[in-house]
Amino acid sequence: MPQLFHRGMNTLARLSIVVGLLVAGGGLMFVIEFNRTPYVTRAFEPREQPVQFSHKHHVGDDGIDCRYCHTTVETAASAGIPATKTCMNCHSQLFANSPYLEIVRESWRTGQPIKWTKVHDLPDFAYFNHSIHVNKGVGCSTCHGRVDLMPLMYNVNSLHMEWCIACHRDPNAVLREQKDITNMEWVAPDDQAEKGKELAKKYNIQSKEVLTSCSTCHR
Amino acid sequence: MSHRDHHHDLEPVREAISRKTGREFWRSLEELAGTDRFRDFLHREFPALNAPETDPSMLDPTGRRNFMKLMGASLALAGLTACTRQPLEHVVPYVKTPDGLVPGKPQFYATAMTLNGVASGLLVESHEGRPTKIEGNPDHPGSLGATDIFAQASVLGLYDPDRSQSALKLGDARTWGDFLNELTAWLEAQRPKRGKGLRILTENSTSPTLASLMAKVKTDFPESKWVTYDPNTRDGARMGAPTVGGKPANVVYKFENAEVVVSLDADFLTNGPGALRYARDFMSKRRLTSGANEMNRLFVAESTLTTTGSKADHRLPVKASEIDALARSIANAVGVSVAAGGNLSGDAAKFAKAVADDLQAHAGKCIVLAGEHQPAAVHAIANAINAKLGGTAVAYTAPIEINPIDQTAALTELIGEMNAGQVECIIIVGGNPVYNAPNLPGQKDSFLNALKKVPNRAHMSLYNDETSAQCQWHLAEAHYLESWGDARAFDGTVSIIQPLIQPLYQGRSPLELVAAVAGIQGKTALDLLKDYWKTQPQMAANFDQAWKQALHDGVVAGTKLAEESAQLDAAKLAAPAPAKGGQYEIVFRLDPHVHDGRFANNGWLQECPKPINKITWDNFAIINGTTAAKLNLAPKDEPYHATAKMINITVDGKELAMPAWIQAGHPNDTVTVYLGYGRERAGNVGNKTGFNTYLLKTTAGAIAEAKLAAGEGTYQLASTQEHFAIDVSGIDSKAFIPEENDLSDRHIVRAGNLEEYKKNPKAVHHGAHLPPDPKMTIYHPEEHPYNGYAWGMAIDMNACIGCNACIVSCQSENNIAVVGKELVTRGRQMHWLRIDTYFRGDMANPEVYFQPMMCQHCENAPCEVVCPVNATVHDAEGLNTQVYNRCVGTRYCANNCPYKVRRFNYLLYGDWETPSLKNVRNPEVTIRSRGVMEKCTFCVQRIMNGKIEAEKQNRRVADGEIQTACQTVCPTEAIIFGDINDKESRVAKLKAEPRNYEVLADLNTRPRASYLAAIKNPNATLGGGASSHGGSSESGGHGNEGQKSGEAKHG
């Protein structure tokens, strides 16, 4: 019986194994990498909000400190989304007739809260606490990016666990002085390696083992 | 699987015990008899999985092909879900943030919950205005920070979707205003008659404001009558009490001053006014810590095995009707002369003599208590002995109740008046008398039939219940967490009950209803309260300030009632109760969990295993083995099913068939039944659970003559007593479990007596295996130094009274699901914490030991090494963490856990749909779905929040700053949690006590939870009592790893 397949098929068969593995591996890589894309994480995707609130204007142009609105960032897990009253503190006088702010004024009149869309939305099984990060020298812009340059709010990071844990493994790289916490323009100085170590000591930053324990974020 | 229906014969059981030397522990009669069922529970974590025929969900005829198809589909779906984007979520801030509220941070408000009218102070945790968790108020004398099981579960009651939501007239929704209009018409008709046809029926109450409103009603309608009735009437206590100013005194016990405590059928550690405080004070005299080595002594004579009896140094099982004779014998022996009672049996006479001797030896430091269901004479005798020997341990105050009457007599009179047509209008404020009123002797439905003769009937209650259905008007009552009120604690201290939330439905406060009857309309309960307290000396001077202070503290300063001298009427001590004629008697008791039936619709309480017998979702007739043998009743034994035989109980001509439960330690010829089951209109949870024993109860009292007979058929009870058994002590291992000698006595429970403890504090450990050398580990200890915090727990078994408050607290704190009766029988209850109950010694009167068992947080955790996906791992502070999102549900970890503390969520047990139930969940804890293993986390959410607060202030967590949910509620402080690296912490000090030991430490698990052995303080003349494990005074345990326990057999 003549050979069914040409000798060269052997090579082809071997090659197909390799190609098969590559395709399978590539597929897996695709899934993993796809999950990291901004399409999935919604990074850099400004969310539509009921009021076209501009952080760029309020933070960048007006120079309002983050804590004026996000009042509980230093004391509680949640930084706090400002109540309508906070808006009205200024906007009962400024732009008091602007059509953009009608929703705010309506909320104030009717007592119905404004329904904002969440931008930084962690999964419910991750328990993030703003206050401990802020108190231990992690600045706003480290996670939230240059908010002062964002007309509409978007996240600049994936909020994936790998992103969280990168810092928890080596917090020194991002630590800053308390005075710089809300400083949007802060960039790590050249001697951050030194400085970070010093600050970690000053802030009593917990060991890497504690910071990367599951129980630190999951309950 | 064998399906032998062998009856378990009690003879071999007795023999099994007699072969023992009185030192082994056992869990249940099934265990002693070595039944298949027990062995299955012992050998497999999930024995129920092998009985597919019993579970409809397991009947799915999924063939291999189908399985592959489904698997393929689910794999594909799993792949796809990874590609979906998170849906957009919204965040809704306040318009105006309330003062002091920080979103995400819980607030605590002081309030109080009443049970039988008596207040227990609470601090309620509120998340953005949503109460989620109950804690005790440390400033409240009746709580001192602890709570009972009812308070813990009450937050679920608040969100119960079955609660009544509006006023109803003949079943149609009406407004409160509609009712007021009709009420006005009713009252106007009564006014010319000076209220002759008006009756107000309330529950027991201590509310001063309600009293003032009732006084106004009495002024407006001088001939109206006010009847107070609670199923737990406490008539005996009230009528047998000495008098203060002509009224029955409120008796206040001071256990901190008592050396000898005698309970005459009184379950004072978990029942009655002040129980939480009494438990704390009682245990304060039994703490063998920091070098203390003296204990008080507790004698208990009781008609069923209770938690109090379990803590007794000497316990006498005795028929409830014979308590009277026993009390008289003791009284006469200590020189309180009373009429002699009936003859005592030999054991009882010996007991009475020992009690009398001990009382006299400790004159001035004694307390004698009588059970709430005991007749007035027994209470009078107890009070007389206290008057002579109690000294500073017993005090009397004016009554705390606002209507201290003989409730049964008043109710009987009311029924008579209603039958005679003298009642034209009845307002029933709370309570459920149609369901729970006793019958007049020889009658059925006495109250119901009489009520129907009243033309105008209104009933206010939390549920549209049995009584509501019989009244033209039903009025929705506001839950205590959503309404204003006031109430006194056991010592008279007043708490203002402040709401945590606006009424969820259209509920109203009972105060508003009574005010309407008193002609006060348009005032809220808050107005009424303020009106009253403005006139009171404690607040009058600077009302606004005093009011705020009272709300903040949870108590009104200066309202504790003064101690007064009380006079006991000698006539009360007179004639002994006539001897009961029949052979058998029945005792009606409040259910330990659903109380008088009012909590029947609470899933947390229904599913919590009752103390001692660990039965859930049911009531049953408790008898002992001898009585069962006489009646030819013994439970039929089938694998996985505690099938009980039915028993027919006939009382006063009425018959009820109930499942019989054979309980060691129960007296002969008597049956104990719990009230509160068999509800028809309790709600979706409580309907059709158990049996309505009120049908048998008459106005003659809680103790009655009964006829017993074997009934037809069997009934399945869901007892968890044999679930998750971690030992086989008590079984002759060679006979039952060949080749597993190591499982024989594992010294899981260690107990001893005080004399031995004084000689050698470590005697309790004798014979136990020592943990192996710390170097024996496959881990690298240097990699896990635990330099920072090292969380640990110490549990004092001497202090644990088995009250179950910790179980419900854990359930509330950690969002633990309720699974229902059917699944409990299959061993699928989700409780992270259980109270293991062990018995020792004679079946007729065993010693009982409680061991709270939860994840032990082993440093060498056996669960961790077998998890294929690293879903259970250690953290840097020694917590054994469970990562729900990694868990794929292999259940290897549960299989490998020697403590059997891991719970698998087989089905989606939690109710994720009902909107109101979403509010009860703790937002600090992940809500788990099915297919995921879960277990005790040592309340990691509390640890993390405590650490974060401390770290923000750059300090270490202070001792006691972080308390687990089980710890905070414990009335006896039996559970202490903390940092064991801090040698000054309470937990570290307890772990340094000689009684401290770790369960199954010989497995080299190095648990972070440890236990302190239980010590009893028996009277030398009575003998008996606990003897140390091993009985020798030789110190310490023996052997390092490798030694066989066969050598550990010491006499």
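The B:Glu89 and B:Lys452 beta-carbon pair, evaluated with R₀ = 41 Å, returns a calculated FRET efficiency of approximately 0.15. Maximal additional length on extending the B:Ala570-B:Ala211 stretch stands at 126.2 nm, based on 0.36 nm per residue less the C-alpha distance. Multiplying the residue separation of B:Glu949 and B:Ala361 by 0.36 nm and subtracting their alpha-carbon distance yields 206.4 nm. The Cα center of segment B:839-879 and the Cα center of segment B:893-961 differ in position by 17 Å. Counting 0.36 nm for each residue step from B:Val866 to B:Asn895 and taking away their Cα separation leaves a gain of 9.5 nm. Using R0 = 41 Å, the C-beta based FRET efficiency linking A:Ala188 and A:Glu106 works out to 0.40. Summarising the amide proton neighbourhood of B:Cys855: residues at separation of 5 or more, or on other chains, whose placed amide H is nearer than 5 Å comprise B:Cys936.
In this structure, B:Arg886 and B:Glu182 have a Cβ-Cβ separation that, at R0 = 35 Å, corresponds to a calculated FRET efficiency of about 0.05.
Counting Cβ atoms of other protein chains within 10 Å of each residue's Cβ and taking the mean over peptide A:128-141 gives 2. Partners of B:Lys444 within straight-line reach, counting lysines whose Cα lies under 28 Å from its Cα and excluding those fewer than 8 residues away in the same chain: B:Lys169, B:Lys196, B:Lys225, B:Lys319, B:Lys452, B:Lys453, B:Lys580, B:Lys645, B:Lys654, B:Lys688, B:Lys697, B:Lys707. Over chain B, DSSP H runs of length four or greater, each weighted -39,500 (n - 2.57), average out per residue to a 222 nm ellipticity of -7000 deg cm²/dmol.
Of the GluC sites (Glu not before Pro) in segment B:174-233, the ones in a loop by DSSP (not H, G, I, E or B) with at most 12 other beta carbons within 10 Å are B:Glu223.
Ranked by the mean number of other Cβ atoms within 10 Å of their residues, highest first, the peptides A:92-98, B:503-509 come out as B:503-509, A:92-98.
Counting only lysines at least 8 places from B:Lys534 when in the same chain, those with an alpha carbon closer than 22 Å to its own are B:Lys216, B:Lys218, B:Lys523, B:Lys548, B:Lys560. Put a dot 7 Å past the Cα of B:Ala189, heading toward its Cβ, do the same for B:Asp669, and the two dots end up 5.4 nm apart. Count neighbours as other Cβ atoms within 10 Å of each site's Cβ, and list the chymotrypsin sites (Phe, Trp or Tyr not before Pro) in segment B:190-297 that are DSSP loop with at most 16 such neighbours. Nothing satisfies the criteria.
Here the 3J(HN,Hα) profile of segment B:747-762, calculated from phi with Karplus coefficients 6.51, -1.76 and 1.60 at θ = phi - 60°, is 6, 5, 9, 10, 8, x, 10, 5, 4, 5, 4, 5, 5, 8, x, 9 Hz, Gly and Pro shown as x.
Only helical runs count toward this figure. For chain A, summing -39,500 (n - 2.57) over DSSP H runs of n ≥ 4 and dividing by all residues gives -12000 deg cm²/dmol at 222 nm.
Note on B:Lys821: aspartates and glutamates with a C-alpha under 12 Å away, same-chain residues under 8 apart excluded, are B:Glu607, B:Asp618.
What net charge is computed for the residues neighbouring B:Asn905, neighbours being all others with C-beta under 10 Å from the C-beta of B:Asn905, Lys and Arg scored +1, Asp and Glu -1? With Lys, Arg at +1 and Asp, Glu at -1, the net is +3. Eight or more residues apart or on different chains, and alpha-carbon atoms under 29 Å: count the Lys pairs in chain A matching that. Lysine pair count for chain A: 23. Measuring against 18 Å, Cα to Cα, the residue pairs B:Lys96/B:Lys133; B:Lys759/B:Lys991; B:Lys311/B:Lys610 contain B:Lys96/B:Lys133; B:Lys759/B:Lys991 as the ones spanning a longer distance. Go ahead and collect, in residue order, the members of segment A:95-139 whose backbone nitrogen is under 19 Å from a label point 7 Å along the Cα-Cβ direction of B:Lys105. Within reach of a label on B:Lys105, which here means backbone N under 19 Å from a point 7 Å along Cα→Cβ, segment A:95-139 contributes A:127-138.
Coordinate-derived values only; no laboratory data. Just so you know, these numbers come straight off a predicted model, no measurement behind them. As a convention, Cβ positions derive from the backbone with ideal geometry for all residues, glycine included, and neighbour counts pool all protein chains shown.
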